[in-house]
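This report concerns only the one structure given below.
The values are calculated or read from the model by the stated rules, or taken from the named source; none is laboratory data. What you see is a predicted model; the values in this text were computed from it and never measured. Quick reminder, even Gly has a Cβ in these numbers, built from the backbone with ideal geometry, and neighbours come from all protein chains shown. The area values use the complete protein model at the heavy-atom level, side chains included, leaving out ligands, DNA and RNA. Shrake-Rupley method; radii C 1.70, N 1.55, O 1.52, S 1.80 Å.
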Amino acid sequence: NNEKSVPQLLIRDLKFEKSSLAKLMFSPDQENHPSKAPVKYGELIVLGYNGSLPNGDRGRRKSRFALFKRPKANGVKPSTVHIACTPQAAKAISNKDQHSISYTLSRAQTVVVEYTHDSNTDMFQIGRSTESPIDFVVTDTVPGSQSNSDTQSVQSTISRFACRIICERNPPFTARIYAAGFDSSKNIFLGEKAAKWKTSDGQMDGLTTNGVLVMHPRNGFTEDSKPGVWREISVCGNVFSLRETRSAQQRGKMVENETNQLQDGSLIDLCGATLLWRTAEGLARTPTLKHLEALRQEINAARPQCPVGFNTLAFPSMKRKDVVDEKQPWVYLNCGHVHGYHNWGNKEERDGKDRECPMCRSVGPYVPLWLGCEAGFYVDAGPPTHAFSPCGHVCSEKTTAYWSQIPLPHGTHTFHAACPFCAHQLAGEQGYIRLIFQGPLD
């Protein structure tokens, strides 16, 4: 009889612990209903960071940003259109308490579209500005940079108020993206030089200087994913083919059968940083950090050895992801043979960069291996068997295969595949390599 009562005691204790945790986690208005966890719409993850910003995540500046249902709706929708004959009149129309978008057509004419409160949606704004309307502050990504000091010298191409995401407050919680965000005066100004036009139904629309590009993958964000086509999103959320260059005056063709609705795995490019959108459902299927840690321990438990020094290799813990450890595995990128660090085969005439593999004599770069710690970039939960080239970030085979096919915008008119964990441009035939570990000899 005593035996039966023990599990019930445990269950009661667990329930107690859970409810105390819930009180710690949720805001005061949810305290009375611990079961009512806040609804998560999804997360934005910045490409090029392996789990956190180089100097640590702080406040609104971090490598990933979760969008939760707000206590009160703050969405807006277009209402009245005013045609003003002078910029002064336009300023008078757009008061500070009401959201509005101003389209300057000429010195003599500005069209102001007023926006009213929408109780069915929540709005989230993304941009370079640290002003209060911006929910998620994003700065330019410098490939492989280890500290923010590396990124400060670059003249930013990311707009201060780059884009906004509007989420439906009711299921299925659809998220839509729009170019440009409202500033501290609740205004969006499209100046004379910005591409803008009147739509067939008499409304106004336009593009921002460097544009907001979106790519929806085919087959969702799964191990069967294939790259989609990059499109440009307008201020009103319409979809266009790309301009000839990022800031060309001429807009692309309107793509009627596509929408600005984000889906799991959609990529958003802000000209200087690319964000990955993951839905709450998608994240629920993604490997957790615990799972990645278990895979790391599994590889280390197999005691892979250096075929030259016969010393046991081990991937350092996720927290030590920037410091080369003495047990760190290194790889020859041309063949995939994994070694410990050694000076064998270092040919002076080869610039010191290329090395000859002692196992198969193939010559190529020799780099340390790092585990990919940002779980949101994984398309499956497979073991870490492959590495991106030339950076050495390790993850599952399907994940390396997927990202190596994605052409990411670079500069104003080029595209290239890059490692999602450090943003380095991929090299070699495939952009990644299968790792060949040597097991212990005993």
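Here are the numbers:
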read-out: Nearest-20 debye value, the range 112-251 charge dipole, Cβ charges on Lys, Arg, Asp, Glu; value: 340
read-out: Chymotrypsin sites (Phe, Trp or Tyr not before Pro) restricted to the range 305-339 and DSSP loop, no more than 14 other C-beta within 10 Å; value: PHE310
read-out: Cα-based shape type of the range 289-434, given that a ≥ b ≥ c are square roots of the gyration tensor eigenvalues and the cut on a/c is 1.5; value: oblate
read-out: Calculated Rg and Dmax of the range 357-442 using C-alpha coordinates, Å; value: 14.0, 55
read-out: Dipole of the chain, positive direction: furthest Cα of GLN328, PHE240, ALA180, with charges on the beta-carbon; value: ALA180
read-out: Separation in nanometres of the label points that stand 7 Å from Cα toward Cβ, at VAL323 and VAL229; value: 5.0
read-out: Cβ-derived FRET efficiency at R0 51 Å, ALA248 paired with ALA302, nearest 0.05; value: 0.45
read-out: Sequence-distant residues sharing a close amide H with SER63 (under 5 Å, placed H); value: LEU53
read-out: Stokes-Einstein D (µm²/s) once Rh is taken as the Kirkwood radius of the chain over alpha-carbon pairs, at 25 °C in 0.890 mPa s; value: 101
read-out: Sparse-neighbour loop sites [GluC sites (Glu not before Pro); the range 264-332; at most 16 other C-beta within 10 Å; DSSP]; value: GLU326
read-out: Calculated FRET efficiency for the pair ALA37/LEU105, C-beta based, R₀ 45 Å, to 0.05; value: 0.40
read-out: Peptide ranges 180-187, 284-291, 354-361, 264-271 listed from the most packed, as the mean C-beta count within 10 angstrom indicates; value: 264-271, 180-187, 354-361, 284-291
read-out: Among ALA418, THR209, PRO54 the positive-end extreme of the charge dipole of the chain (Cβ point charges); value: THR209
read-out: For the chain: accessible area per residue (Å², 1.4 Å); value: 51
read-out: Carbon plus sulfur fraction of accessible area for the chain, probe 1.4 Å, in percent; value: 51
read-out: Across LYS40/LYS96; LYS36/LYS72; LYS226/LYS398; LYS226/LYS290, pairs whose alpha-carbon gap is larger than 20 Å; value: LYS40/LYS96; LYS226/LYS290
